Amino acid sequence: MVYEKFLIYRNGEVIAETAENTYTDHFALGYVYYQVRGIKADSGYYTPSNEVSATVSVDSLMIADANNPVWLSLPMSTSRLREISRTAEQSATYLHYTGEDLPGAEVGEAVTKTYSFDCAFKLSDKLSAEAFEALLGKMVCIKDPAGNCVFGLLNNYSTASNRF
């Protein structure tokens, strides 16, 4: 059978289309199941594959450029107990009306979510530190051992150097 292209499904959702016979899902995490549909070149009909499943996990915090996923492992932290925090903020405007005791709130639709973590590099591992710094201003994917897979813009970082 000749297939013109393949649709890759993860957990029932299309995640990719390819003409190749192989595909790597760089963004899988947790329990996932896949199905591939081969689209026939001559008719446009498709043939679905059997479903296969896997559980994907990471041992440490990992980060990659979302457009070029070369994963950088971030196993070290600046503190004994690594803290990874997630915050969310939704805009609201408070309106004070005459005769009312409490203001009314007009809630916006936009939500800003922030994912914060710390990481450290050995002084001898300058290449990893430079690879991390090169991600500034790029859309990245972060995976953590708790099963979170987050996409967002790496818009800031701060550094400190301890040389004893």
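The values are calculated or read from the model by the stated rules, or taken from the named source; none is laboratory data. Keep in mind the model is a prediction, meaning the values are calculated, not measured. Note that each Cβ is placed from the backbone with ideal geometry, even for glycine, and that neighbours are counted across all protein chains shown. Just so you know, the surface numbers come from the protein's heavy atoms only, side chains and all, with ligands and any DNA or RNA stripped out. Shrake-Rupley method; radii C 1.70, N 1.55, O 1.52, S 1.80 Å.
Odds and ends about this structure:
- Extreme residue, nearest to Phe151 (Cα to Cα), among residues of region 104-124 that are open to solvent by less than 80 Å² (accessible area, probe 1.4 Å) and in contact (Cβ under 8 Å) with a residue 40 or more places away in the chain: Phe117
- Conditions (1) outside any strand (DSSP E or B); (2) open to solvent by less than 80 Å² (accessible area, probe 1.4 Å): number failed by Asp101: (2)
- Figure legend. Inter-residue proximity from region 37-59: first residues closer than 30 Å to Pro145 by Cβ, second residues at pLDDT 95 or above and polar (S, T, N, Q), beta-carbon distance below 7 Å, spacing 6+ or different chains. Indicated pairs: Glu51/Gln35.
- Residue match in region 128-150 (condition: free of Cβ contacts under 8 Å to residues at least 12 places away in the same chain, farther than 28 Å from Val58 by Cα, open to solvent by 50 Å² or more (accessible area, probe 1.4 Å) and assigned to a loop (DSSP other than H, G, I, E, B)): no
- Among the strands (runs of 3 or more DSSP E) confined to region 45-95, the ones with at least 1 residues that are on the phi < 0 side of the Ramachandran plot and aromatic (Phe, Trp, Tyr) are located at 46-48, 68-74, 85-95.
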